[in-house]
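Shown next, in structure tokens, is the structure this report addresses.
The values are calculated or read from the model by the stated rules, or taken from the named source; none is laboratory data. All values reported here derive from a predicted model rather than from experimental measurement. So basically every Cβ, Gly included, is an ideal-geometry build from the backbone, and we count neighbours across all protein chains shown. Remember, those area values only see protein heavy atoms, side chains included, never the ligands or the DNA or RNA. Shrake-Rupley method; radii C 1.70, N 1.55, O 1.52, S 1.80 Å.
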Amino acid sequence: MTIVQFEHRPGLLDLGWGHPRPELLPVDAWSRAGAQTLGTYGWQALAYGHATGPAPLVDWLCDHLGDATAEQTFVTAGASHGLALLTQLLAEPGDVVLVDSPTYHLAFKILTDHGVRLVRAPADEHGLLPAETAALARSLDAVFLYLVPTFGNPTGRSLPLDRRRELVSVGVPIVEDDTYRELSYGEPAPPALWRLAGEEGVVRLGSFAKTVAPGLRLGWINASPILVERLARLGYVHSGGGVNHAVALTMASFGASGAYDRHVAGLREAYREQRDALTGALRVPAPDGGWFVWLRLPDGVDAEALLPVAEEHGTSFLPGPVFYAGGGAGSEHVRLSFSHLPPAGLAEAAARLTAAIDAAAGR
Ligand SMILES: Cc1ncc(COP(=O)(O)O)c(C=O)c1O
């Protein structure tokens, strides 16, 4: 039956997909929130929703985030939708958008669907280089820079604080994808670019896909009130009302009841254990948050050549080059996701991967 986007290929312990572990999805708590929402709001839960999102969700969210107002918030159908809307509003076909390198590969198609040209921003092993990026943005008249600076996909790393401060001061319009902020397993996440910049020059994308469930299709944009107003005036919002209204209102109940905080606390425990199972078995450093390990391969082992060998050994991953717009870089890395398998499965997948790497290296 074709109900979900992804099911395990038989016999494969797949580290390629950044999806939540099915047992960690809050089926019962969400069901209670749904009943509570209909009990509290009745017909209002099923009417066309307010253009920027229902006030109970927007108010809870702003309170929870602590750095945005209702006027700076627009509820979306997830971060992907938020990026598509922003690109539609901010870019014309042929415009240049700078993207971090490496960065979230599925953002590339969202951007190019709108006809923009992607150019990789200069980066080193600690992340994006602000001054060099600003110079490139000026020379190409880039409309914005897209990056995932906190517990990033695919690297799991966060842009250091000094580079964050520099980046928000160099005058490049920024779209900050903050999808993984809440999934921290040690030190709290560094401050968002949005928070450092105020509403000046930074638009932030948020999502409930990783903290609650991807099937909700629910997220938000934080932006200047002027941009929020432009989003609210889009034709399809005018015609269809606020995005995903009944789910948005249910999320408000899930948040206000305390279920969200309890659930995210449980996720942090579970994903920390999963992270430790994978990084412990591979004997590599553990990222402070997010879902991914960016594994450097031994010299002479190429990520794309390793993939079929790994699949013969019963595991899989995403090769580094897919995370570089235009490809041609990253073949010394693979992205491993620890989100989808329980600790024992991750330890076994790591053993299979290690055997595949040894085989590919001729050891
Ligand atoms: C960095 C990043 N942004 C956005 C998304 C997709 O978010 P959503 O499900 O809210 O559209 C993902 C999911 O993998 C992601 O890793």
query = Just one of Y180, Y146, Y104 is out of contact with any Leu (no Cβ under 8 Å at 6 or more places or on another chain), within 12 Å of the ligand (Cβ to nearest atom) and either assigned by TED's automatic domain parsing to the domain that holds W294 or open to solvent by less than 40 Å² (accessible area, probe 1.4 Å) (or both); which is it?
reply = Y180
note = Residue pairs qualifying under the 7 Å Cβ cut-off, at least six apart or on distinct chains, with the first in region 22-43 being farther than 20 Å from H245 by Cα and the second being at pLDDT 95 or above, are L24/L267; L24/A270; L25/A213
query = How many residues does region 186-207 contain that are farther than 21 Å from R268 by Cβ, touching a Lys or Arg at 6+ places or on another chain (Cβ under 9 Å), within 16 Å of the ligand (Cβ to nearest atom) and open to solvent by 10 Å² or more (accessible area, probe 1.4 Å)?
reply = 0
Lone unmet requirement of (1) at pLDDT below 95; (2) of a type in the set (D, E); (3) surrounded by 16 or more Cβ atoms within 10 Å (Cβ to Cβ) for D14 = (1)
query = Quick check: anything in region 90-98 within 16 Å of the ligand (Cβ to nearest atom) and free of Cβ contacts under 8 Å to residues at least 60 places away in the same chain?
reply = yes
query = Which number in (1) crowded, with 17+ Cβ neighbours inside 10 Å; (2) farther than 20 Å from K210 by Cα; (3) not basic (K, R) marks the one condition that A70 misses?
reply = (1)
request  = Starting from region 105-117, keep only residues that are touching a residue at least 60 places away in the same chain (Cβ under 8 Å), then list their pairs with residues that are part of a helix (DSSP H, G or I) and of a type in the set (D, E) whose Cβ atoms are within a distance under 6 Å, requiring at least 6 positions of separation or different chains.
outcome  = none
ask   = Are any residues in region 310-331 open to solvent by less than 60 Å² (accessible area, probe 1.4 Å) and either among the polar types (S, T, N, Q) or free of Cβ contacts under 8 Å to residues at least 60 places away in the same chain (or both), and if so, which ones?
value = A310, T315, S316, P319, P321, G327, S331
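Within region 175-190, can you find the residues that are in a loop (DSSP other than H, G, I, E, B) and either of a type in the set (D, E, K, R) or touching a Ser or Thr at 6+ places or on another chain (Cβ under 9 Å) (or both)?
D178, T179, Y180, R181, E182, L183, E187, A189, P190
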key: Which listed residue is surrounded by fewer than 19 Cβ atoms within 10 Å (Cβ to Cβ), in contact with a helix residue (DSSP H, G or I) (Cβ under 8 Å, 6 or more places away or on another chain) and over 20 Å from A79 (Cβ atoms), from S224, S257, S253   = S257
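Each row is one residue, and each column tells you yes or no for (1) more than 16 Å from the ligand (Cβ to nearest atom); (2) without any contact (Cβ under 8 Å) to a residue 60 or more places away in the chain; (3) not polar (S, T, N, Q).
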site	(1), (2), (3)
R165	yes, yes, yes
L218	no, no, yes
R230	yes, no, yes
A246	yes, no, yes
ask   = For A77, all conditions in the list (1) open to solvent by 10 Å² or more (accessible area, probe 1.4 Å); (2) more than 14 Å from the ligand (Cβ to nearest atom); (3) under 14 Å from G53 (Cβ atoms) hold save one; what is the number of the exception?
value = (2)
ask   = If you go through region 25-40, how many residues are open to solvent by 60 Å² or more (accessible area, probe 1.4 Å) and assigned to a helix (DSSP H, G or I)?
value = 9
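Each row is one residue, and each column tells you yes or no for (1) more than 30 Å from E166 (Cα to Cα); (2) among the hydrophobic types (A, V, I, L, M, F, W, C).
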| position | (1), (2) |
| --- | --- |
| R204 | no, no |
| P225 | no, no |
| A232 | yes, yes |
| G235 | yes, no |
| Y271 | yes, no |
inquiry  = When you check E125 against the structure, is it away from the ligand (no atom under 16 Å from the Cβ) and touching a residue at least 60 places away in the same chain (Cβ under 8 Å), yes or no?
reply    = no
Among the residues listed as L336, L307, L282, the single one being under 27 Å from R181 (Cα atoms), modelled with pLDDT of 95 or more and open to solvent by 10 Å² or more (accessible area, probe 1.4 Å) = L282
